[in-house]
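Derivation of every value follows stated rules applied to the coordinates shown; laboratory data play no part. Note that the coordinates shown come from a computational prediction; the quantities given were computed from them, not determined experimentally. Cβ sites come from the backbone with ideal geometry, for glycine too, and all protein chains shown count toward neighbours.
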Amino acid sequence: MTIRLETGEETVLDYPEDINGFEYEIREASKCVHAKKTASDCYTPKDSMAIGKLLYDIRTSWGMRFADEED
């Protein structure tokens, strides 16, 4: 990930993919599928939506956009 600071300086952050929240959500969903469950006991759809909205709100408040994102 490259972050551009207010000064215009860019900082590259290189973290293993395994540390992002989506990775944990994917693993939990996979466990549920293998256990033939339709929902997680520890990570509800409501939690997932709330976290997704929070991340979206933070990203837009920073003016951050993905490369393929349209106006």
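Each Cα pair under 8 Å and six or more residues apart adds its separation to the average, and for the chain the resulting relative contact order is 13 percent.
Is the chain rounded, prolate or oblate when judged by the Cα gyration tensor, a ≥ b ≥ c being the square roots of its eigenvalues, rounded requiring a/c under 1.5 and prolate requiring a/b larger than b/c? Here the chain falls in the prolate category. With respect to the chain, whose longest principal axis is taken over its alpha-carbon atoms, helix 21-34 is tilted by about 20°.
About its Cα centre, the dipole of the chain is roughly 560 debye, where the only charges are +1 on Lys and Arg Cβ and -1 on Asp and Glu Cβ. Qualifying chymotrypsin sites (Phe, Trp or Tyr not before Pro) in the stretch 23-70, where qualification requires a DSSP coil assignment and no more than 12 other C-beta atoms within 10 Å, comprise TRP62, PHE66. Distance between the modelled labels on ALA39 and GLU70, one decimal in nanometres: 3.5 nm (7 Å Cα→Cβ projection). A DSSP coil position with no more than 12 other Cβ atoms inside 10 Å describes the following trypsin sites (Lys or Arg not before Pro) in the stretch 25-71: LYS36, LYS37, ARG65.
Exposed loop sites here are GluC sites (Glu not before Pro) in DSSP loop states with at most 15 other C-beta atoms within 10 Å. What is the longest stretch of the chain lacking them? It would help to have the intermediate numbers written out before the result.
Numbers: sites that count: GLU6, GLU9, GLU69, GLU70.
Longest run free of exposed loop sites: 10-68.
Taking the 0 to 90 degree range and rounding to the nearest ten, how far is the long axis of helix 45-61 tilted relative to the main principal axis of the chain, both from C-alpha atoms? Helix 45-61 and the main axis of the chain meet at about 0 degrees. A simple spin-label model places the labels of THR7 and CYS32 4.4 nm from each other, with each point 7 Å out along Cα-to-Cβ.
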